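Reviewing the structure listed below.
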Amino acid sequence: MMFRSTAVSSLARLTTAMACCGLLSACTEGILLPKGPVGAQEKQLLLEALIPMLMVITPIIFLTLWFAWWFRASNARATYRPRWEYSGSIEFSIWMIPLLVILFLGSLAWVGAHQLDPYQPLASKRKPIVVQVVAMDWRWLFIYPEQGVASVNELAIPVDTPVSFKLTSATVMNSFFIPSLGGQIYAMPGMQTQLQLQASEPGNYRGLSAQFSGDGFSDMHFQVLATDEAGFQSWVQQARSSATQLDATAYDRLTADHKVGEVAYYSPVSDALFDHAIDHATKRPELTSGVSARSPGTTLSSAGSEH
């Protein structure tokens with residue numbers, strides 16, 4: 001009866017794993033299907049690190065299963081040598097091979113981390129577009145200072161043009177992440193971080209907050225519209241047709257409204273609004289003390305950036 005229960009449990013786990021693999025294979029976007037140069041470099045780094053790790057773990061798994069099968073109690077051919085204590089070749093292998101793998105992975109991570117520096121501008125003949133990002137409860141605000149417009153929960157970018165993000169938070173720390181384009185970085189109150197991304201293919205991509213920051217964080221997602229230059233300019237004109245101005249007063253009302261927001265456009269946008277967002281966060285005692293006003297269990301940390 002116990003064997004039967006174990007077999008049923010194993011079959012259930014196997015079925016669940018196969019279903020998860022099927023769901024993953026149906027995905028049309030994500031870190032393994034990059035749509036930009038940063039995401040492509042991150043995928044290459046991931047595979048370059050995965051292959052040598054599999055070269056180590058695969059023989060270990062195979063040998064573990066083989067030893068368990070060979071030295072079973074019913075195998076009379078297995079030689080039992082209780083006084084065998086040392087083998088120089090085995091000792092050398094179990095230390096030297098992992099050491100070489102660790103050195104290789106460490107070098108790979110060192111070089112890759114510098115190549116994927118989120119503050120380093122991307123090589124391109126086109127002028128980067130500056131987008132200022134403010135994380136709110138439970139929305140993302142995107143400010144285009146050069147175009148004089150802003151949007152909530154919708155990010156429009158032209159294809160094959162670098163985008164220089166400057167990020168901060170009006171509330172607790174959040175994680176800005178666009179899986180298809182690569183890169184993940186923290187937005188923190190009273191601080192500014194940077195991120196460089198670029199879309200190589202037109203499409204609608206998903207953006208989200210990748211770190212738990214309190215009840216409701218799962219609604220902090222936004223849409224990324226990657227279009228050609230004509231499409232981007234059309235989107236800018238659509239945003240400019242909005243009659244809602246975004247100044248310091250309107251911004252303070254927006255941050256005080258703690259709810260899930262629909263897509264909205266603002267024009268015109270006051271100059272130095274992003275600086276006001278940083279200064280506004282530093283004046284909130286619940287943020288500077290490291291305690292969130294919205295969730296007792298949410299605290300700030302001094303985390304940096306991740307690419």
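None of the figures in this text is laboratory data; all of them are computed from the coordinates on show. Quick caveat: nothing in here was measured; it's all calculated off a predicted structure. Note that we place each Cβ from the backbone using ideal geometry, even for glycine, and neighbour counts take in every protein chain shown.
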Per DSSP, loop chymotrypsin sites (Phe, Trp or Tyr not before Pro) in segment 64-116 with at most 13 further Cβ within 10 Å: F71, Y80, W84, Y86
Sites S218 and F104 - FRET efficiency at Förster radius 45 Å, r taken between beta-carbons, to 0.05: 0.75
Trypsin sites (Lys or Arg not before Pro) lying in DSSP loop within segment 117-203, provided at most 11 other Cβ fall within 10 Å: K125
Roughly how big is segment 129-306's charge dipole about its Cα centre, with Cβ charges of +1 (Lys, Arg) and -1 (Asp, Glu), in debye to the nearest 20? 340
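Within segment 167-228, report the chymotrypsin sites (Phe, Trp or Tyr not before Pro) that DSSP leaves as loop and that have at most 16 other Cβ atoms within 10 Å. Let's see the in-between values first.
Numbers: sites: F176, F177, Y186, Y205, F212, F217, F222; in loops: F212.
Of the chymotrypsin sites (Phe, Trp or Tyr not before Pro), the ones in loops of segment 167-228 whose Cβ has at most 16 other Cβ atoms within 10 Å are F212.
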Checking the table K125/K166; K127/K283; K259/K283; K35/K125; K125/K283 against a 29 Å threshold on Cα-Cα, which pairs fail? K127/K283; K125/K283
